[in-house]
Amino acid sequence: MAGFMDWELADVMALGYPPLRWCGTPTPDRRYCEGVSAAEVPETTADPTAPTDQETARVLRFSYVAGVTPGKWIRRWEERMPDIAVEAFMADDSGQEQALRDGSADLGFVRLPVEREGLSVIALYEEQPVVVAPKGHEISVFEGVDAADLTAETFLDVDELGGPAMALQVVASGAGLVILPMSVARHFNVKDTVYRPLSGADPTQIAVAWLSESTDEVIEEFIGIVRGRTAQSSRQPSANQEKPKREPKPDRRAVPVKKPKVAQRYAPNPDKGRGKGSRKKGKR
């Protein structure tokens, strides 16, 4: 078969011939060995060291505790930074720090207090505390309750009960009362419970936190959005990026055409432009 040795392996296989393999190290004469089974033909694989799109694309991940509603910040982020995807997940109060320190989240909305070693923390707002009681409890007849009026009540420890969701189930059974942020009581909204704003109790506080050593422009941009900075704020990294210069608009004004000069056929009238009778008459 003339010129067979000059063909590529793919060309030979396309004609229906059995797969071939090199005889040892390939040489300039490009010798092939006898036919082999398809199972012995090595598969072509991509270079494992080459970066993929998933590895190069940046994704901003953040966690939030129950009671925080991050939807408004996500919408603003998608409007300003559509090229960087954002992922959010809810974390328990007991695991809010761990999500930051193990790298599961780039930043998080945490409920203070937290261990601040190695973290950057910015307080955002305070939460209104409420007292939660079983449905039909006497607090339901009031618009608000003072902590001093509940000294005779039995209060349950939310952490010992495994978190607010389980604690509210225990409250619904009539075992006692709990104090929670209003946003948390609304979030779980357990049937057969009632809550009222509580005065005389310390409010809780929501903050945004992230690892200090991981601070970059993407995190700074998100923090600026959370703090209410506009897209044009000089403190936003995206506002300080050099924007491409626009091409000057073409001049669409018409070029004035000069009229050719016409030779005057008559001498100029000396009376032109003067009032009637302005020409001086000579003596006769």
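Each value in this text was obtained by applying a stated rule to the coordinates, not by laboratory testing. Keep in mind the model is a prediction, meaning the values are calculated, not measured. No Cβ is skipped: glycine too gets one built from the backbone with ideal geometry, and neighbour counts run over all protein chains shown.
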Stretch gain in nm, segment Asp149-Glu87, where the contour uses 0.36 nm per residue and the Cα spacing is subtracted: 17.9 nm
Full extension between Ser199 and Val114 adds, at 0.36 nm per residue less the Cα distance, a length in nm of 28.2 nm
For segment 102-200, with equal point scatterers placed on the C-alpha atoms only and solvent neglected, what are the log10 I(q)/I(0) values from the Debye formula at q = 0.22 1/Å, to two decimals? -1.13
Residues in segment 114-140 that a label on Asp157 would reach, taking backbone N under 14 Å of a point 7 Å out along Cα→Cβ: none
Take the Cβ-Cβ distance between Ala165 and Phe142 as r, set R0 to 22 Å, and report the resulting FRET efficiency rounded to the nearest 0.05. 0.30
What nm distance separates the two modelled labels at Ala175 and Arg229, each placed 7 Å from Cα along Cα→Cβ? 4.7
Once both labels are modelled 7 Å past Cα along the beta-carbon direction, what's the Gln128-Lys72 spacing in nm? 1.5
